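Read the figures in this text as sums done on the coordinates, not as results from a lab. Being a predicted model, the structure only gives us computed values, none of them experimental. Ideal geometry is used to build each Cβ from the backbone, glycine not excepted, and the neighbour counts take in all protein chains shown.
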Amino acid sequence: MGEEMNIVIIGSGGHARVVADILLAMDGMNPLGFVSGDGEAGTPGPLGLSILGDDGSLDSIEHDGVVVAIGDNALRQRLFEQLCAAGENLVAAVHPSAIIAADVVVGKGCMISAGSIVNTGSRIMDNTILNTGSVVDHDSNVGPHAHIAPNAALAGNVTVAEAALVGIGANVIPGRIIGKRAVVGAGAAVIRDIPEGAVAVGVPARVVSGS
Ligand code: JB3
């Protein structure tokens, strides 16, 4: 077996624990622990991993890569960009049970959770979350810092722009575009494009704010 990569997880909330579990399940990844503002360094944490310190301690921890494991899109984007600028290696955490077509492009720092499916021709850009059991069907584009929540499904040729959130259990019919930083509510059915910054809810989804 080749050498393992030592990975620091940025954040220590629920999402960070799921990312830790994914890294433990992957070949070649060795999660070292969490860097966050929560708790004293050395505090024992979940999955046998501890808090290593706050952001200032990252330089003193010997590591090969980091994952920003924070659900909030804006905060995850800010930390991702800071860490890239600092020369960090942003690695993707992809659960072994995810089914990803051979030609799919997966960007830096993505989290692809258990049971997710990404079909042929799709592109998953940097720092995106495909949460548990989500589906991204063929030729879809999921922009950087976006989040496809658990059990949400994108049909073919869907575009989800930068930092947009498709909520838990929502569905998007083929070819629709979800604008930058838009939010699609839980269980919504998107049959029309959603403008940048809008919040859309319901079946069929209607814009309730932001446009
Ligand atoms: O719905 C699902 C399946 N998952 C949700 C996920 C997508 O988002 C989950 O239920 C939560 O709603 C949310 O998870 P997350 O991001 O883990 O939220 P929370 O438990 O609030 O944890 C946020 C973490 O970010 C905490 O550990 C904070 O200390 C950390 N944090 C905030 N600002 C930071 C910073 N960590 C670092 N290193 N630097 C910061 O500036």
Gain on full stretching of the segment that runs from Ala102 to Val208 - 0.36 nm per residue minus C-alpha separation: 34.3 nm
For region 172-180, what does the Karplus curve 6.51 cos²θ - 1.76 cosθ + 1.60, with θ = phi - 60°, yield as ³J(HN,Hα) per residue in whole Hz, taken in order and with x for Gly and Pro? 10, 6, x, x, 7, 10, 9, x, 3
Measure nothing but the geometry: give the 0 to 90° angle between the long axis through the Cα atoms of 73-85 and the longest principal axis through the Cα atoms of the chain, rounded to 10°. 50
Ile191 and Glu62 label points (each 7 Å along its Cα→Cβ direction) are spaced in nm at 6.0
Per-residue ³J(HN,Hα) for region 121-129, Karplus 6.51 cos²θ - 1.76 cosθ + 1.60, θ = phi - 60°, Hz, x for Gly and Pro: x, 8, 10, 10, 7, 3, 6, 8, 9
How do Met26, Met111, Met5 rank when sorted from fewest to most other Cβ atoms within 10 Å of their own Cβ? Met5, Met26, Met111
Under a Gaussian network model of the chain whose springs join Cα atoms within less than 10 Å, the largest fluctuation of Ile100, Ile124, Ile148 belongs to Ile100
Listed by chain and number, the residues whose amide H is under 5 Å from that of Met29, excluding neighbours fewer than 5 places away on the same chain and using placed H, are Met5
Where is the GNM fluctuation largest for the chain (alpha-carbon springs, 10 angstrom cutoff): Gly87, Gly107, Gly175? Gly87
If amide H atoms are built 1.01 Å from N in the plane of the peptide, which residues on other chains or at least 5 residues away come under 5 Å of the amide H of Val183? Leu165, Ala198, Val199, Ala200
Looking at the chain as a GNM with Cα springs under 10 Å, which of Leu32, Leu49, Leu154 has the largest mean-square fluctuation? Leu49
Give me the net charge for the shell around Ser122: Cβ to Cβ below 12 angstrom, other residues only, Lys and Arg +1, Asp and Glu -1. -2
Fewest-first ordering of Leu24, Leu58 by Cβ atoms within 10 Å yields Leu24, Leu58
Got the relative contact order for region 5-90 handy, in percent, Cα pairs under 8 Å and 6 or more residues apart? 32
With a point put 7 Å past each Cα toward its Cβ, work out how far Asp27 is from Ala41 in nm, to one decimal. 3.5
Taking just the alpha-carbon atoms of the chain, what radius of gyration and Dmax come out, in angstrom? 17.1, 53
What residues have an amide H closer than 5 Å to that of Ile129, excluding those fewer than 5 places away on the same chain, when H is modeled at 1.01 Å from N in the peptide plane? Met111, Ala146, His147, Ile148
Neighbourhood charge, 13 Å Cβ-Cβ cut-off, centred on Gly65 and excluding it, Lys, Arg +1 and Asp, Glu -1: -4
Contact order normalised by length for region 92-199, with contacts defined as Cα pairs under 8 Å and 6 or more residues apart; what percent is it? 16
Once phi for every residue in region 57-70 is put through the Karplus expression 6.51 cos²θ - 1.76 cosθ + 1.60 (θ = phi - 60°), the whole-Hz ³J(HN,Hα) values, with Gly and Pro written as x, are 8, 4, 4, 8, 9, 5, 7, 9, x, 9, 10, 7, 10, 10
Whole-number percent relative contact order across the chain, with pairs defined as alpha carbons under 8 Å at least 6 apart: 11
Can you give me the Cα centroid spacing of region 73-105 and region 155-211 in angstrom? 22
How far, in degrees from 0 to 90, does helix 14-25 lean away from the longest principal axis of the Cα atoms of the chain, to the nearest 10? 70
quick note, the chain, DSSP beta bridge pairs, % antiparallel (nearest 5) is 10
For the chain, what is the calculated [θ] at 222 nm in deg cm²/dmol (nearest 500), taking -39500 (n - 2.57) for each run of four or more DSSP H residues and dividing by its residue count? -3500 deg cm²/dmol
